[in-house]
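Below is one structure, written out as structure tokens; comments come after it.
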Amino acid sequence: MKTMRIEDAIGEILCHDMTAIVESGFKGARFKRGHIITAEDIPVMLDMGKSHVFVWEPEAEEVHEDEAASTLTEAMCGENVTCSGPSEGKMSISSAIDGLFCLNREALRQINMVDDYTIACRPGYTRVRKGDTLAGARIIPLVTKRRCVDEAVRIAKENYPVLSVLPFKPLKTGVVITGNEIYYGRIKDAFEPILKKKLSGYGAEILGFTKCPDNLDMMLKAIQAFVSSGADLILLTGGMSVDPDDLTPTAIQATGARLITQGVPMQPGNMLTMASYLDKIMLIGVPGASMHFPTTSLDVFLPRVFAGIEITKKEIASYGEGGLCIGCKVCRYPLCWFGTGSCQAG
């Protein structure tokens, strides 16, 4: 595009909206992008305080901000997202369902390295509701070079989808609650109501809650019973620390499950243990902190389990950054940094 004196721009195509504010309080586009400037427009534009306008140079290989934003958005957005706009050069991206927002972080970084482009979004692996805003996409100037659009679109297509939302699966879930004090009725179990509430938020099909004493054989039988019932997920509570009589991690490993981690770099919830059983059933040792804190490491990983995302040791290690809850008086998770590890995969 090029700038011209208004008096010299008659017959030229306006390449941007021209906003006017009138005495009535109205603010809006008096002249729209694409308007062909006429002699009658000159005094109106001057009254608007405009002495110069920007007009198209067809040979300049430039792309308007609206097209630049909408073209990239179409290329990078995957399933279960909705896009609106462009409005003032920006595309807004929202979730079409309740689910887990998934982000290819490296692709996002590469796109934001392209001249003029800026894509801002919430952290990846964030639990979202239908209608929640996920991201905004735009370029900074009014126009950008065609090569910039082509480069951003290439990155998006090669890493598709850059942004998507996965639905939660109604996993069949069994819960094994351990501890002599609970099994023999010395104290009331606090885990069942807590876990029932958390699981219901994902639409889990709860197979049952089985109480066991601190007895390895009985714990293994309880696990096997849920396996035989077709469980996709088994949660185990109690005995998660390193004391010799804390058997839950031992029971998980004794199933033959592939251990992913025993302990995570997150507080509260250091003691979470996670393993996969025959590559299908997920076993999770619930940290004791879940009884006392509204949000722990369990709340970070459950959405990913219910969305069917594989969890790796490398990724768990990345949660040290952002893994410290600062104990706000009113918990606003996930509107905080807790659980926003910096090494999230695709």
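When Ala137 is tested against (1) in the same structural domain as Glu67 (by TED's automatic domain parsing); (2) part of a helix (DSSP H, G or I), just one condition goes unmet, and that condition is (2).
Give me a count of the residues in region 146-162 that are more than 12 Å from Asp116 (Cβ to Cβ) and either assigned to a helix (DSSP H, G or I) or small (Gly, Ala, Ser) (or both). Looking only at that region, the number is 7.
Could you list all residues from region 106-121 that are of a type in the set (D, E, K, R) and in contact with a Ser or Thr (Cβ under 8 Å, 6 or more places away or on another chain)?
If we filter region 106-121 for residues that are of a type in the set (D, E, K, R), which is where we start, we get 106, 109, 115-116.
Once the filter is applied, which keeps residues that are of a type in the set (D, E, K, R) and in contact with a Ser or Thr (Cβ under 8 Å, 6 or more places away or on another chain), region 106-121 yields Asp115, Asp116.
Taken over region 143-167, the criterion of being at pLDDT below 95 and buried (at least 17 other Cβ atoms within 10 Å of the Cβ) is satisfied by Val143, Thr144. Every condition in (1) closer than 20 Å to Asp189 by Cα; (2) assigned to a loop (DSSP other than H, G, I, E, B); (3) within 31 Å of the chain's Cα centre (by Cα) holds for Asp214 except the one numbered (3).
When residues of region 181-211 are filtered for being of a type in the set (Ser, Thr, Tyr) and in a helix (DSSP H, G or I), how many remain?
Taking region 181-211 first, the residues of a type in the set (Ser, Thr, Tyr) are 183-184, 200, 202, 210.
Add one more test, that the residue is in a helix (DSSP H, G or I), and what stays is 183, 200.
Within region 181-211, residues that are of a type in the set (Ser, Thr, Tyr) and in a helix (DSSP H, G or I) number 2.
In the condition set (1) touching a Ser or Thr at 6+ places or on another chain (Cβ under 8 Å); (2) of a type in the set (Gly, Ala, Ser); (3) surrounded by fewer than 20 Cβ atoms within 10 Å (Cβ to Cβ), Ala137 is compliant with all but (3).
The condition of being among the hydroxyl-bearing types (Ser, Thr, Tyr) and touching a helix residue (DSSP H, G or I) at 6+ places or on another chain (Cβ under 7 Å) holds for only one of Thr118, Thr126, that being Thr118. Taken as a whole, region 113-134 holds no residue that is crowded, with 21+ Cβ neighbours inside 10 Å, of a type in the set (D, E, K, R) and more than 18 Å from the chain's Cα centre (by Cα).
Quick one: which strands (runs of 3 or more DSSP E) lie wholly within region 1-109 and hold at least 2 residues that are at pLDDT 90 or above and under 30 Å from Pro123 (Cα atoms)? Show your work before the answer.
On the way: elements: 2-5, 18-21, 27-31, 52-55, 62-64, 81-87, 90-95, 99-103.
In region 1-109, the matching strands (runs of 3 or more DSSP E) lie at 81-87, 90-95, 99-103.
So, Tyr333, is that one of a type outside the set (A, V, I, L, M, F, W, C) and within 23 Å of Ile97 (Cβ to Cβ) or not? Don't jump to the end; show me each part of the working.
Details: of a type outside the set (A, V, I, L, M, F, W, C): yes; within 23 Å of Ile97 (Cβ to Cβ): yes.
Judged against the criteria, Tyr333 is a match.
In region 197-206, what residues are in contact with a strand residue (DSSP E or B) (Cβ under 7 Å, 6 or more places away or on another chain) and surrounded by fewer than 19 Cβ atoms within 10 Å (Cβ to Cβ)? Selection gives Glu205, Ile206. Elements of the type strands (runs of 3 or more DSSP E) sitting completely within region 230-346 and holding at least 1 residues that are without any contact (Cβ under 8 Å) to a residue 40 or more places away in the chain and more than 25 Å from Ala190 (Cα to Cα): these cover 258-262, 273-277. Just give me the residues in region 186-218 being in contact with a Gly (Cβ under 9 Å, 6 or more places away or on another chain) and of a type in the set (Asp, Glu), in sequence order. Asp189, Asp214, listed by residue number.
The values are calculated or read from the model by the stated rules, or taken from the named source; none is laboratory data. This one's a predicted model, so the numbers in the text were calculated from it and none came from an experiment. Positions of Cβ are backbone-derived with ideal geometry, glycine not excepted, and every protein chain shown enters the neighbour counts.
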